[in-house]
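Only one structure is covered here, and it is reproduced in the block below.
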């Protein structure tokens with residue numbers, strides 16, 4: 001019998017007939033040494049060595065640091081004779097250094113970075129807000145005293161010195177802006193529909209490129225284009241309100257196209273596919289499904305485009321001209337607008353100049369109020385036309 005059969009016979013003898021295993025006797029020196037298993041630290045044991053909480057600055061810490069920064073900046077400014085700008089910059093710098101340093105000592109590095117970034121964000125917000133607040137304050141302070149019934153109901157015809165108003169400029173602004181909207185809104189809306197629903201290939205890419213180029217053209221170039229166009233039909237020296245409307249429409253069209261295009265892209269394709277599945281043609285799907293769904297964004301974009309061009313001065317100086325009388329005809333003679341009225345009231349205020357400058361500040365206040373009203377109107381219209389959802 002071979003050695004292999006002897007080994008199998010010996011192992012088989014170690015197993016009893018009742019199924020109980022009997023391990024064969026193995027000498028201790030033949031057993032392989034077993035390495036001890038490493039003791040792994042469980043999660044609770046590892047967490048016990050980490051702090052579950054850390055120190056926090058009190059809620060009044062930012063206020064205290066701000067007071068100290070203002071006091072330190074005031075002392076330095078008085079010592080070095082700094083102006084208000086230097087005082088503000090030094091105070092913000094002290095605050096931006098002191099508060100994160102204190103937070104790093106008491107709290108940790110992450111909290112210090114958070115407080116530093118919060119300080120920088122608020123500083124950037126205040127820097128961006130200061131020019132706007134300063135502008136509004138100056139316009140309101142200098143223009144509020146001129147606003148009265150005469151200022152809104154009289155023109156400047158035969159007015160020298162005090163008195164007069166901006167009725168002719170208000171009417172010219174409204175008529176020219178309305179005509180510009182009538183020209184640009186259909187063109188911009190139809191162009192946006194073409195780019196989203198029908199456009200494909202080289203023509204669509206060309207139209208998109210031209211819209212991008214028109215977005216960045218200077219306003220005075222639009223005025224020169226309108227003047228050159230009307231010179232071909234009416235001769236040199238032409239001044240008309242409709243020319244100003246054409247110039248402003250060149251500035252409005254790319255804004256309307258972009259806003260309509262983006263709003264139409266937001267309409268889900270499932271709505272179009274559901275309409276097509278019912279056998280509705282594409283033009284009717286666009287008219288009855290796509291446009292009503294995106295109407296809120298389209299109307300908001302159009303209103304913001306009007307607010308964008310209502311304060312343009314350069315193109316209206318070139319093609320619309322100026323006058324002291326009321327002109328309600330866009331196709332006949334010159335027409336005054338609020339931006340042009342402000343320009344001439346500052347550059348040619350008359351003698352004495354204070355009355356013309358006061359009227360300029362009042363007209364500027366009215367123009368800012370119109371722009372703000374248009375922006376608020378855009379928000380209200382967008383909310384009114386927004387799709388109604390039930391909860």
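The values are calculated or read from the model by the stated rules, or taken from the named source; none is laboratory data. Small disclaimer: the values here were computed from a predicted structure and weren't measured. Cβ sites come from the backbone with ideal geometry, for glycine too, and all protein chains shown count toward neighbours.
Given 363, 373, 369, which one is surrounded by 22 or more Cβ atoms within 10 Å (Cβ to Cβ) and assigned by TED's automatic domain parsing to the domain that holds residue 320?
On the way: 373 fails: surrounded by 22 or more Cβ atoms within 10 Å (Cβ to Cβ); 369 fails: surrounded by 22 or more Cβ atoms within 10 Å (Cβ to Cβ).
Going through 363, 373, 369 in turn, just one is surrounded by 22 or more Cβ atoms within 10 Å (Cβ to Cβ) and assigned by TED's automatic domain parsing to the domain that holds residue 320: 363.
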Cβ-Cβ under 7 Å pairs, at least 6 apart or on other chains, the stretch 249-268 side assigned by TED's automatic domain parsing to the domain that holds residue 199 and touching a residue at least 24 places away in the same chain (Cβ under 8 Å), far side outside any helix (DSSP H, G or I) and buried (at least 21 other Cβ atoms within 10 Å of the Cβ): 251/312
Failed condition for residue 207, given (1) closer than 30 Å to residue 318 by Cα; (2) outside any helix (DSSP H, G or I): (2)
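Examine the stretch 299-314 for a residue that is assigned to a helix (DSSP H, G or I) and over 33 Å from the mean Cα position of the chain (by Cα), and state whether such a residue exists.
Narrowing the stretch 299-314 to residues assigned to a helix (DSSP H, G or I): 299-309, 314.
Within this subset, residues satisfying the condition of being over 33 Å from the mean Cα position of the chain (by Cα) are none.
The answer is no; no qualifying residue exists.
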Check on residue 278, surrounded by fewer than 19 Cβ atoms within 10 Å (Cβ to Cβ), assigned by TED's automatic domain parsing to the domain that holds residue 179, within 27 Å of residue 205 (Cβ to Cβ) and free of Cβ contacts under 8 Å to residues at least 24 places away in the same chain: no
Unmet criterion (only one of (1) touching a residue at least 60 places away in the same chain (Cβ under 8 Å); (2) surrounded by fewer than 16 Cβ atoms within 10 Å (Cβ to Cβ); (3) farther than 24 Å from residue 367 by Cβ) for residue 191: (2)
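Filter the stretch 325-340 down to the residues that are outside any loop (DSSP other than H, G, I, E, B) and over 15 Å from residue 239 (Cβ atoms) and list them by number. Steps first, answer last, please.
Here is the first cut: in the stretch 325-340, the residues outside any loop (DSSP other than H, G, I, E, B) are 338-340.
338, 339, listed by residue number.
For the structure I just gave you, tell me whether residue 216 is at positive phi and assigned by TED's automatic domain parsing to the domain that holds residue 194.
Numbers: at positive phi: no; assigned by TED's automatic domain parsing to the domain that holds residue 194: yes.
Here the answer is no, as residue 216 does not meet what is asked.
Restricting to the stretch 258-297, count the residues that are over 30 Å from residue 216 (Cβ atoms) and in a helix (DSSP H, G or I). Let's see the steps before the verdict.
Taking the stretch 258-297 and keeping what is over 30 Å from residue 216 (Cβ atoms), we get 268-285, 287-289, 292-293.
Okay, now just the ones that are also in a helix (DSSP H, G or I), so 269-277, 282-285, 287-289, 292-293.
Number of matching residues: 18.
For residues that are without any contact (Cβ under 8 Å) to a residue 12 or more places away in the chain, farther than 18 Å from residue 116 by Cβ and in a helix (DSSP H, G or I), tally how many sit in the stretch 58-79. Walk me through how you get there before you give the answer.
Kept after step one, since they are without any contact (Cβ under 8 Å) to a residue 12 or more places away in the chain, are these residues of the stretch 58-79: 58-60, 63-64, 67, 71, 75, 78-79.
From what is left, the residues that are farther than 18 Å from residue 116 by Cβ are 58-60, 67, 71, 75, 78-79.
From the residues that got through so far, the ones that are in a helix (DSSP H, G or I) too are 67, 71, 75, 78-79.
Of the residues in that region, 5 qualify.
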The stretch 215-239, residues that are in a helix (DSSP H, G or I), without any contact (Cβ under 8 Å) to a residue 60 or more places away in the chain and under 18 Å from residue 313 (Cα atoms): 215, 221, 225, 228
Residue list for the stretch 132-146, restricted to those being in a helix (DSSP H, G or I) and either in contact (Cβ under 8 Å) with a residue 24 or more places away in the chain or on the phi > 0 side of the Ramachandran plot (or both): 136, 139, 140, 142, 143
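Checking the conditions here, which among 128, 111, 101 is in a helix (DSSP H, G or I), farther than 30 Å from residue 360 by Cβ and at pLDDT below 90? Steps first, please.
On the way: 128 fails: farther than 30 Å from residue 360 by Cβ; 101 fails: at pLDDT below 90.
Residue meeting the stated conditions: 111.
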Counted residues, the stretch 200-243 - those being in contact with a helix residue (DSSP H, G or I) (Cβ under 8 Å, 6 or more places away or on another chain) and either under 30 Å from residue 333 (Cβ atoms) or crowded, with 17+ Cβ neighbours inside 10 Å (or both): 20
Residue in the stretch 160-174 that is assigned by TED's automatic domain parsing to the domain that holds residue 318 and within 24 Å of the chain's Cα centre (by Cα) present: no
In the stretch 147-181, the residues that are buried (at least 20 other Cβ atoms within 10 Å of the Cβ) and either assigned to a loop (DSSP other than H, G, I, E, B) or without any contact (Cβ under 8 Å) to a residue 12 or more places away in the chain (or both): 155, 156, 164, 165, 166
